[in-house]
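> I'd like to ask you about the structure that follows.
The values are calculated or read from the model by the stated rules, or taken from the named source; none is laboratory data. All values reported here derive from a predicted model rather than from experimental measurement. We place every Cβ from the backbone using ideal geometry, glycine too, and count neighbours over all the protein chains shown. Calculation scope for accessible area: heavy atoms of the full protein, side chains included, ligands and nucleic acids excluded. Shrake-Rupley method; radii C 1.70, N 1.55, O 1.52, S 1.80 Å.
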Amino acid sequence: MGMIRRLLGVTTDDIERLRAQRLAEHAARVSAFLAPGETLVGTAQAHLVAAPTPPDRLIPRLPPPGVEPAEQAGASGLARVAGWAYVAAHPFEAAGEVLTDALSDALWYVPGKVIDHLAVERRIDWSTTAARLILLTRAVQQLDGYSSGFVVAATDRRFLLLGYAYNSRDPLYPLLQYAPGEIVSVRVVPTERSAKGKAEPHVALVFRDGSSVTAAPDAIAGTRFAELLSRPMD
């Protein structure tokens, strides 16, 4: 437990109570994304740190959360209703398809070194697993009232990543799902601030394709964030 928590008199039991309270708050909203018989194990909130900034043209424009097909019918008819019905039935797949469309030219070029007096540009591959997470967290932040952070919901079968709104009554937004083995490494990375008790340590995630991101869990998630992502599936 960090120095700041000790000074404020926050105990380990207090943190566990807050985690249980948050899990209860998340459970009803996460249940909409669970398959029959799937069990929610726990949740934790975090945000990405030290991630490269993608060009705006690659950030997908996500549909607003909680839109019912009937609300869209007037403007576009049955085709739009069918589209929103698909989103409702396949939320994670739909988010992935929106992102795929945005990545039709998925390689972004940034200035690099000079060879033969010509500027050569180094490619950054925005189609990797890590890049998809960066792009979707940026995209959900553009929705009204939503954060750049995300919720990890660990179940007995997979990990779900969902965007969350500042207003806890608003729905979670489905972003990505990871099957067992897609996250190959979860490593706690102490920082200067965490050593002084001013923040939680960061967590480095490495995916099966070799790409990686670093996340900062919030104070309530703490070490639980890394524990959830490193737990074996049942």
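> Ranked by accessible surface with a 1.4 Å probe, highest first, in what order do His26, His202, His47 come?
Result, largest first: His47, His202, His26.
> Which value, in Å², gives the accessible area per residue of segment 115-213 when a 1.4 Å probe is used on the protein heavy atoms? Don't skip to the answer; put the middle values down first.
Details: 4940 Å² over 99 residues.
Per residue, segment 115-213 has an accessible area of 50 Å².
> Give me the percent of the accessible area of segment 127-190 that comes from carbon and sulfur atoms, probe 1.4 Å, all protein chains in place. Display every interim value, and only then the final one.
Working: 1160 of 2510 Å².
That share works out to 46 percent.
> In whole Hz, what ³J(HN,Hα) sequence does segment 126-132 give by Karplus (6.51, -1.76, 1.60; θ = phi - 60°), x for Gly and Pro?
For segment 126-132, the Karplus-derived couplings read 8, 9, 6, 4, 5, 5, 4 Hz, x marking Gly and Pro.
> Need one word for segment 151-200: rounded, prolate or oblate. Basis is the Cα gyration tensor (sqrt eigenvalues a ≥ b ≥ c); a/c below 1.5 gives rounded, then a/b vs b/c decides. Let's see the in-between values first.
On the way: a/c = 3.40, a/b = 1.25, b/c = 2.71.
Oblate shape, in that a/c is at least 1.5 and b/c is the bigger or equal ratio.
> Right, another one. What are the ³J(HN,Hα) values, in whole Hz, obtained from phi via the Karplus relation 6.51 cos²θ - 1.76 cosθ + 1.60 with θ = phi - 60°, for each residue of segment 181-190 in sequence order, with x given for Gly and Pro?
Result, rounded to whole Hz: x, 6, 9, 9, 8, 10, 10, 6, 10, x.
> Roughly how many debye, to the nearest 20, is the charge dipole of segment 131-229 about its Cα centre, given +1 on each Lys and Arg Cβ, -1 on each Asp and Glu Cβ, and no other charges?
Its charge dipole is roughly 120 debye.
> If each residue of separation counts as 0.36 nm, what is the full-extension length gain between Ser31 and Arg17 once their alpha-carbon separation is subtracted?
Taking Ser31 through Arg17 to full extension adds about 2.9 nm, to one decimal.
> Using 7 Å Cα-to-Cβ label points, what is the Ala179/Thr53 separation (nm, one decimal)?
Reported label-point gap for Ala179 and Thr53 is 3.7 nm.
> Also: Using 0.36 nm per residue of separation minus the Cα-Cα distance, give me the extension gain between Arg61 and Lys198 in nm, one decimal. Working shown, then result.
Working: separation 137, 0.36 × 137 = 49.32 nm, distance 3.51 nm.
Separation in residues times 0.36 nm, less the Cα-Cα distance, equals 45.8 nm.
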